[in-house]
Amino acid sequence: MNSVETRIATHPFIRPLSKEARKVLMQGAREEAFEPNQVIIRAGQPANSMYLIDSGKVAIEAPGGGTGSILQIIDGGSAFGWSWLYAPFTWRLQVRAIDHTRVIRLDGGHILAACEADHELGYEIIKRVSQVLIERLHAAVSQKPAA
């Protein structure tokens, strides 16, 4: 396995999957790097990728930006970008790098097609995505208003 494949296979979001499932998810994967304050995902744009954070931190922001728009900050070992899974397949939130951030970008369209073809894989992906969404919702609800 090359370096990207190893990092995908050992990423906390992917690691519990079978070797065969990990191999499917690796197809079309590529590394990307973002500088601090660089937008990774813009709300309203077509959604076609899932991201695994290799290093750094990102802010998940409400559309429109501005003061107080950060919903959550996540870092290495986390994953983001689920809108490729749900119609109308557009990003609903914005994601911005806080630090120098390295991600592995997975092909959402490929994953969606693989999940349609293999319902066991689809179930495993939905379980993981649902868990992340629950954690994000809980984090958003738990935030205290700014003083």
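The values are calculated or read from the model by the stated rules, or taken from the named source; none is laboratory data. Only a predicted model underlies this, so the values are computations on that prediction, with no experimental measurement involved. Cβ: placed from backbone, ideal geometry, glycine included. Neighbour counts: every protein chain shown.
Suppose we filter the range 88-114 for residues that are in contact with a helix residue (DSSP H, G or I) (Cβ under 8 Å, 6 or more places away or on another chain), crowded, with 21+ Cβ neighbours inside 10 Å and among the β-branched types (Val, Ile, Thr); how many remain?
So the answer is 2.
For ARG136, are the conditions met, namely being basic (Lys, Arg) and assigned to a helix (DSSP H, G or I)?
Details: basic (Lys, Arg): yes; assigned to a helix (DSSP H, G or I): yes.
Judged against the criteria, ARG136 is a match.
Test VAL129 against the stated conditions and say whether it is outside any strand (DSSP E or B), in contact (Cβ under 8 Å) with a residue 40 or more places away in the chain and either in contact with a Phe, Trp or Tyr (Cβ under 6 Å, 6 or more places away or on another chain) or at positive phi (or both).
Details: outside any strand (DSSP E or B): yes; in contact (Cβ under 8 Å) with a residue 40 or more places away in the chain: yes; either in contact with a Phe, Trp or Tyr (Cβ under 6 Å, 6 or more places away or on another chain) or at positive phi (or both): yes.
Here the answer is yes, as VAL129 does meet what is asked.
In the range 1-41, what residues are within 16 Å of HIS110 (Cα to Cα) and part of a loop (DSSP other than H, G, I, E, B)?
So the first thing to find is which residues in the range 1-41 are within 16 Å of HIS110 (Cα to Cα), and the list is 8, 14, 20-30.
Hits for the range 1-41 are ILE14, GLN27, GLY28, ALA29.
Give me the pairs, please: first residue somewhere in the range 22-36 and under 27 Å from GLU120 (Cα atoms), second residue anywhere and modelled with pLDDT under 90 and among the charged types (D, E, K, R), beta-carbon distance under 7 Å, and either six or more positions apart or on two chains.
MET26/GLU5
Which residue is modelled with the highest pLDDT, if the candidates are limited to the range 1-28 and must be surrounded by fewer than 18 Cβ atoms within 10 Å (Cβ to Cβ) and closer than 14 Å to SER49 by Cα?
My answer is GLN27.
Go through (1) within 24 Å of VAL4 (Cα to Cα); (2) within 13 Å of the chain's Cα centre (by Cα); (3) among the basic types (Lys, Arg) for ARG136 and report which single condition fails.
Condition (1) is where ARG136 drops out.
Any residue at all in the range 99-112 that's part of a loop (DSSP other than H, G, I, E, B), aliphatic (A, V, I, L, M) and at pLDDT 90 or above?
Of the range 99-112, the ones part of a loop (DSSP other than H, G, I, E, B) are 99-100.
The next check asks that each one be aliphatic (A, V, I, L, M); those that pass are none.
Checked against the condition, which is being part of a loop (DSSP other than H, G, I, E, B), aliphatic (A, V, I, L, M) and at pLDDT 90 or above, the range 99-112 yields no hits at all.
Would the range 134-144 turn up any residue that is surrounded by 14 or more Cβ atoms within 10 Å (Cβ to Cβ), at pLDDT below 95, of a type in the set (D, E, K, R) and under 26 Å from ARG22 (Cα atoms)? Please lay out each step first, then the result.
From the range 134-144, those surrounded by 14 or more Cβ atoms within 10 Å (Cβ to Cβ) are 136, 139; that's our starting set.
Checking the rest, the ones that are also at pLDDT below 95 come to 136, 139.
Checking which are of a type in the set (D, E, K, R) leaves us with 136.
Still in the running and under 26 Å from ARG22 (Cα atoms): 136.
Checked against the condition, which is being surrounded by 14 or more Cβ atoms within 10 Å (Cβ to Cβ), at pLDDT below 95, of a type in the set (D, E, K, R) and under 26 Å from ARG22 (Cα atoms), the range 134-144 yields at least one hit.
Any residue in the range 63-72 that is surrounded by 13 or more Cβ atoms within 10 Å (Cβ to Cβ) and under 14 Å from the mean Cα position of the chain (by Cα)?
Yes, the range 63-72 contains a residue that is surrounded by 13 or more Cβ atoms within 10 Å (Cβ to Cβ) and under 14 Å from the mean Cα position of the chain (by Cα).
Looking for whichever is farther than 23 Å from ALA113 by Cα, of a type outside the set (Lys, Arg) and in contact with a helix residue (DSSP H, G or I) (Cβ under 9 Å, 6 or more places away or on another chain) here; the options are ILE74, ILE14, ILE40, ILE8. Which one fits? Before you say what the answer is, go through the steps one by one.
Details: ILE14 fails: farther than 23 Å from ALA113 by Cα; ILE40 fails: in contact with a helix residue (DSSP H, G or I) (Cβ under 9 Å, 6 or more places away or on another chain); ILE8 fails: farther than 23 Å from ALA113 by Cα.
After applying the criteria, what remains is ILE74.
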